[in-house]
Structures are given as C-alpha cells and as structure tokens.
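Scroll down for the structure; my scribbles are underneath it.
What follows draws every value from the coordinates through simple rules; no lab data is involved. Source: prediction; values computed, not measured. Positions of Cβ are generated from backbone atoms using ideal geometry, with glycine treated the same way; all protein chains shown enter the neighbour counts.
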C-alpha cells in the first residue's frame, strides 16, 4: 500500500505499508506470488521504504557494462542449464523433507559454500578423511577455474554499485569479507547463485549476512514477460532486466511472479551475497591455509576415481 510518493533528484521514492499481515504471510510461505497481490510494478529508478523508513528496495536501470554481461553469460550458461539442483526446497515451493524428492530446477551456486555434498561426505567416511574447515569451493570453481575468472569483472561491477547505492549495508558486509580469503576476489561476496527460468516461491533468505542487503541482476536472451521480483507483503514488484541492479531486503518475504517465456528464451538471474557461515568458519585463515584446504577437497575427486578403478 502506497502511503507516500515523492521525487528526489530524479528518483521516485515510495513509502509503503504492509498489505498483508505477518500472520497471513506465514501461511503464504512456499506458495507462489499471485498477480492480484501486487499493485505496484517498478520499472524505472526508484527507492522504496517501509513506514519506519527502512530500505526495502533500491533499483537502478541500465548500469552494468554490456561486455561484462556477455562474458558472464557465455562462461556460465552451459553449466547453469546442464546441472539442475533439487536443493532449493522452500524457494521452489516444495514441502518435501527429503531434498531428493524436490523438483529439479536450474539453480547453481558459485564461489564458496558452508557444507559438503553427500558424495563428498561419503568419500570422507570411506577413507576416514576429515577436513579442517567446514567450507568448500563449489563445483564450478573447481572444474572451471578459467571460466570462473571470466565471471569476475561483472561481479566486481555489481559490488561497486552495491558500495555506491547501499553504502551503509556494504560497509558492514565488506568488513566481514575482508576477514576471510574464502570469497569472490575483490568483492564483499563469498557466493553467487545463478537461476535459469526459475520462479521462486515466497520465502525469506537464510544463511546470508543479516547486516547486508540482497543484490540481484538479470541477463536475458530472447523474449519473456513476467518474472518480477516481488515483496508481496508490501504489494510491490520490480521488473529487473539486463543491465539493471536491484538491492532488496531479502529478509522480508519475497518471490517472483510467473515467467512467460517465448521459445528458447532465457532469464538468468544472478544473486551475489556473503554466506555467514563461510565467513564464521574461515575468519583469519591465511591464503596458504585456503589453498591447502581447497587442494584437500579437490583430492576427494581423485579418491573417487581410485575407488571406482578398484571395483
């Protein structure tokens, strides 16, 4: 519900009150956002605050460089499409307790994560091998280090806009990021999630830095309609398109409207964040320790190959 709207230095500023009570939002968890829940779609530069003047949304159009966008897309899209995941339970609308029963969606993680895969755990148990840190490189980093480096220019540009447009949040997050070597180099992020044509259900993000604010960008190929990123409790959505940057309070209830894709169209969303347990588990560990740990984790793949040969 729009309580107040004004223009400040060419930026439209909204002050919104909740359309849906907290109790009702709890019951809408894991369901999909409906069009009738959204009465404001933002598609131009805007700031959105709640009635206590807490920042909900800061949106800026056409900021990211075309060549960096193209490099990111070309180096990640094959991996993002060919490696579906079942590990996005609540965001996919699933209520299954067993993640293997969840729907397969094109959602992948790049950078560092604070858990080992079931296969890695199995191999560690078989060889009685233990890791000194509960953190690991993701598969993309490990298998495609050259492609990973080619993603960095766009991620660093997103990070620079984070610093410019949400400085108070950035200051707290970069302080944490500077205390660990397990991160996306030269940024305040430890982790990137890519989603291909994925409509997330209503959820709140967990595991990211509670002192930061969400970062979202989109790369589109072909034509599509919908997919707006919404805060349904406030009745607002944002139509994020190629080159735009969105900073959004992901600790509020959020999700996407349905995506209507034309043939072979792609909507690749890029979410950059700091995983709080990656930071906690690696504070103060030097670069040498990081490199040794990464090599130890990579050695599990060699153990797997040796194990298969013996069978």
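Counted over the chain, the DSSP beta bridges are approximately 85% antiparallel.
Model label sites at residue 143 and residue 53, defined 7 Å from Cα along the beta-carbon direction, differ in position by 5.0 nm.
Taking the helices alone, the chain has a mean residue ellipticity at 222 nm of -10000 deg cm²/dmol, built from -39,500 (n - 2.57) per DSSP H run of at least 4 residues and averaged over all its residues. One chain, two ends: residue 3 and residue 301. Fully extended at 0.36 nm per residue, the span grows by 101.6 nm beyond their Cα-Cα distance.
To the nearest ten degrees, helix 167-177 and the longest principal axis of the Cα atoms of the chain are 10 degrees apart.
Any chance you could give the angle, 0 to 90 degrees and rounded to 10, that helix 287-310 forms with the longest Cα principal axis of the chain? With rounding to tens, the tilt is 60 degrees.
Each of 193, 229 has some number of other Cβ atoms within 10 Å of its Cβ, and from fewest to most they run 193, 229. Segment residue 115..residue 156, full-extension length gain: 12.3 nm, with 0.36 nm per residue of separation and the alpha-carbon distance subtracted. Ranked by the mean number of other Cβ atoms within 10 Å per residue, highest first, peptides 282-288, 118-124, 107-113 order as 107-113, 118-124, 282-288. Summary of the geometry: the stretch 167-185 and the stretch 11-44, compared by the centres of their Cα atoms, lie 30 Å apart.
For residue 171 and residue 223, compute 0.36 nm times the residue count separating them, minus their Cα-Cα distance, and round to one decimal in nm.
Value of the extension gain: 15.0 nm.
The angle between the Cα long axis of helix 66-82 and the main principal axis of the chain comes to about 60°, on a 0 to 90 degree scale. From most to least packed by mean Cβ count within 10 Å, the peptides 234-244, 204-214 give 234-244, 204-214.
Sorting 7-15, 177-185, 27-35 by their mean Cβ neighbour count within 10 Å, with the most densely packed peptide first, gives 177-185, 27-35, 7-15.
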